[in-house]
Each structure stands twice: as structure tokens, then as C-alpha cells.
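Data block below; observations after.
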Amino acid sequence: VRVVNDDNNDGIGSSDGSSSITHRNGRVLDFTVTITTSLKILLIGDSVMVQLGQAFDEMIMSNGHHATTEDPIHREIVWEAWRGHNGGTVVSPTRGGGVSAMWRMTGLLSRRGKGKPPANSAGGGWSDKEIDAFLGYSTRPQKQQQNNSTRATTTIGKFDVVVFRVMHGWMKIHEITRDGLLEAIELAHDLLGATTVVLMTIPFTNNVKTPQVLKQVNSINDEMRDIARRWQHRRGEDSENNGENGEENSNNSGNSGVQHVLVLEYGTYYNHIVWSNGLHLGYNVTPPLHATQATFDDEAPGFVFDRLEDAGEWAPSIPMVCSDKASLGSDRRKCNRNYLFSDGMHTCPESLASRYAAGLACLIGCVYNNGRSENDDDPEQESKIRACERECNEQFLSAVPVEESWVDTNTTLASFSG
């Protein structure tokens, strides 16, 4: 990852350029990154993931978003979900020779979703046709630097990494279960070949309508962390049981082929941004860099549910979308909007996507940057991966400033777990 200045992002919090986020030492949102990888990465999720996926592509394409005669790489729409809206996209090769792909889906990947209507219909529908379109996609040749030759065209074949955005909103809260998360992880390998899966925790949005639902969201996020933390132990137990029984069970993580499950603290990232903006608006909340998860849980009910009035079924939170309170007026029906969130769920990716992309690249590097075998089950190494995962989330999925020395210095950052 390389970090560069973003001269176009000087009004991060509001239209007048003021925000408590930017008043700390160092850069929080006013930077962009470029990412280099040889891995094949697939992002699966709803319209929010489409936003994040498009931004991720911009940072991983060798020429940015501009295709040229010399470098014709661009994002290809493999199919449309409906007219004018991406359903499946591929960038190949990325900077570094990999693949970046996005699959629009309204639920977690599941066996029962097969054959159901695809996005933007509810239910998480998918088909073999979409799987085949990805895995059979012909990747573009990449020029070799020394002799200007090109490698032979090939197909994606399988992905290394699958990233799941867990889609509360499209999925009712009771539909998001531990078993469903485990099934999605297993299918990431069974259907797509992935050996590493990244789960994105669920953030507070306008789909979280009550404190009770927020409590359930936090419980699901704890399940994701527990699944990731226990994955290697679960794989070991299942492998031993299968060896004793002489049977194979495709539902066992020991046989799924997924070697690593990581958690991207997307919910915590939203908390840091919303709490920072809340301070700017005058709410009495704890600065996020001094807050724990327990602090967020305690303060949220009296803070994030302060919503715009008469704003429909999905009324956004004032500290999430407003840049000031003065514009609310006595009726509190509208306000001047900030440059963070567009509607209480979707981000303004120009402001927020760089930290997401840097965090994701950092997490993936925890597994792959050591040049290890993907089948390495060393328990000590797994503990190092967890420590690396924690550091990536704390640095990038937060409002922690990035080092000024990283910006515009051609500094290449890489995460290592050992």
C-alpha cells in the first residue's frame, strides 16, 4: 500500500471544511492509497459493497480509472444486476498481476439461495451461471517489465480471498446466524476456491431502528469475531474427527479448504466516524480514540438514534449525516449534509473508502505477505496473524491518524504476521 495526498478532500466533515476529525494531528481521511497484489480477491455484498468495490478497484488498477492505448486495463462489467447497475465486475490484471472482482448479492452466500432471483431481489439469490462467469473469466495478459512480453491469457479459475459484507437490512436480524456465517465461509471455498475469508462487521445504519436491534447487531459482530478466533481450533477438531470416523463432511471447516478467517472491523470504523462528527456537532460523547466497544455500546442509545424527523421509514441519524445543527431548524426535518454518509447507510466513498481499502489490504497481507504455504497450520503463526489483524483494524478501521511520513514519499507499507 502507498499513501498519497488527496488535495480534493479538504472538506471532509462538512461543506465548509470543518470537522473534529481533521482537527487532530496527522491525516485521518484526507489521503488516498494505491494497492499492489498478485492475489485474486472477490468482494460480495449489496449496494454499499458495490461502492466500496468500485473504490477498491480505483486503488488497485495499474492506471487508476483511465484506460489508455498502452495500458487498456479497466473495470469490466461482466453482467448487470439491472440496467445501469453493476451485478458482477472484474479488474484484471491489477497492479501486481492479480484480480479484483465484485459480486452484488442481497444475502450471505448459501445453498438455499441457489436458483432464487439475484440482486436486486431480496433473498441472496445466485446461480451457477454467475459462478461460471467469474471463474471462467479470461484475464488480460500482463506486460513483463524486462522484455515487454506478455504472459498467456488464462482464466480466473479460483479466488484466493473472498470478502463478505454481512447485509443487515436486506437480511432481517434473525436471519443472520452463526450457522449462516459458517455456511458462507465454507461455500467461499467450495464454490469459489478461496482459502481466506474476510468478514465485515455490521455497522450502525438507518436499518438499525432501535437500541434492541443494535444490541443484536453487536451480538452478531461478536459471533464473527468468535468464528475467526476459533477457526483454526475448529479446523483441527473437525480434521481429527473426520480421520477417526473415516468420513467426509462438506460442512466441516476442516474439509472446507478455508485456511484463515479474518474480521474487518467495519462497524467500529463507522463508530469512529460518527462519534467524531457527533463531537463536531456538539453531542456529549467520548472521543472515539478514547472509547472502547463498551463505551460505544453505552453511549449509542442516547446518541445515534437522534434522527431527522419525517424522513420516512429509513430516517438517517443526525450525527451520521449532518454537518451542523444550526441548519436543522425547529422542525429538525433536514440539515446541511456532510461528506461522510449520503443517506444513513451508504458512504461518501471519496472520503471513507481509502481507509477501508488500506485496512482490507493490510488484513490480507497478514496471511500472504510472509510467503508461507496456505496450508500452514502452525498455532504460533495463527496467534501472530491475530495480532496483525488487530493492528490493521486499529490503524485503518478507525480515526487514528496516519503517519505524515507515509504520505507522498513513495513509502510502501506491508503487514506481516511473523
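Could you figure out which of (1) open to solvent by 10 Å² or more (accessible area, probe 1.4 Å); (2) farther than 20 Å from residue 161 by Cβ; (3) free of Cβ contacts under 8 Å to residues at least 60 places away in the same chain; (4) not in a loop (DSSP other than H, G, I, E, B) isn't true of residue 225?
Only one criterion is unmet by residue 225, namely (2).
Here are the criteria: (1) under 27 Å from residue 42 (Cα atoms); (2) open to solvent by 70 Å² or more (accessible area, probe 1.4 Å). Tell me which single one residue 365 does not satisfy.
Going through the list (1) under 27 Å from residue 42 (Cα atoms); (2) open to solvent by 70 Å² or more (accessible area, probe 1.4 Å), residue 365 breaks only (2).
List the residue pairs whose Cβ atoms are under 8 Å apart, where the first residue sits in the range 198-216 and is within 20 Å of residue 181 (Cα to Cα), the second is of a type in the set (S, T, N, Q) and modelled with pLDDT of 95 or more, and the two are 6 or more positions apart or on different chains.
Going by the 8 Å Cβ cut-off, the qualifying pairs are 201/221; 201/268; 202/221; 203/271; 204/271; 204/317.
Among the residues of the range 123-135, how many are surrounded by 15 or more Cβ atoms within 10 Å (Cβ to Cβ) and assigned to a loop (DSSP other than H, G, I, E, B)?
Of the residues in that region, 3 qualify.
Would you pick out the residues in the range 21-40 that are among the polar types (S, T, N, Q) and modelled with pLDDT of 90 or more?
Once the filter is applied, which keeps residues that are among the polar types (S, T, N, Q) and modelled with pLDDT of 90 or more, the range 21-40 yields 32, 34, 36, 37, 38.
Got a number for residues in the range 279-298 being in a loop (DSSP other than H, G, I, E, B), open to solvent by less than 60 Å² (accessible area, probe 1.4 Å) and among the hydroxyl-bearing types (Ser, Thr, Tyr)?
2
Select from the range 80-107 the residues that are over 19 Å from the mean Cα position of the chain (by Cα) and assigned to a strand (DSSP E or B) and write down the one among them that is farthest from residue 118 (Cα to Cα).
Applying the filter and picking the extreme gives 85.
Considering each residue of the range 299-315, count those that are in a loop (DSSP other than H, G, I, E, B) and open to solvent by less than 60 Å² (accessible area, probe 1.4 Å), and give that number.
Number of matching residues: 8.
Say whether the condition of being among the polar types (S, T, N, Q), part of a helix (DSSP H, G or I) and under 30 Å from residue 313 (Cβ atoms) is met by at least one residue in the range 337-353.
Scanning the range 337-353 turns up at least one residue that is among the polar types (S, T, N, Q), part of a helix (DSSP H, G or I) and under 30 Å from residue 313 (Cβ atoms).
Would you mention how many residues in the range 156-184 are among the basic types (Lys, Arg), in contact (Cβ under 8 Å) with a residue 12 or more places away in the chain and part of a loop (DSSP other than H, G, I, E, B)?
Of the residues in that region, 1 qualify.
Just to be sure I understand the filter: pairs with C-beta atoms under 7 Å, separated by 6 or more residues or on different chains, first member in the range 268-284 and under 30 Å from residue 199 (Cβ atoms), second member charged (D, E, K, R). Which pairs pass?
Here the result reads 269/355, each pair linking the range 268-284 to a residue that is charged (D, E, K, R).
Which one of these is modelled with pLDDT under 95, within 20 Å of residue 53 (Cβ to Cβ) and either surrounded by 15 or more Cβ atoms within 10 Å (Cβ to Cβ) or out of contact with any Leu (no Cβ under 8 Å at 6 or more places or on another chain) (or both): 417, 342?
On inspection, the qualifying residue turns out to be 342.
Across the range 316-327, what is the number of residues that are assigned to a helix (DSSP H, G or I) and open to solvent by 60 Å² or more (accessible area, probe 1.4 Å)?
Final tally of qualifying residues: 1.
The values are calculated or read from the model by the stated rules, or taken from the named source; none is laboratory data. Not measured: the values here are computed from a predicted model. Cβ: placed from backbone, ideal geometry, glycine included. Neighbour counts: every protein chain shown. To get the accessible areas, we keep the full protein, side chains included, count just its heavy atoms, and leave off ligands, DNA and RNA. Shrake-Rupley method; radii C 1.70, N 1.55, O 1.52, S 1.80 Å.
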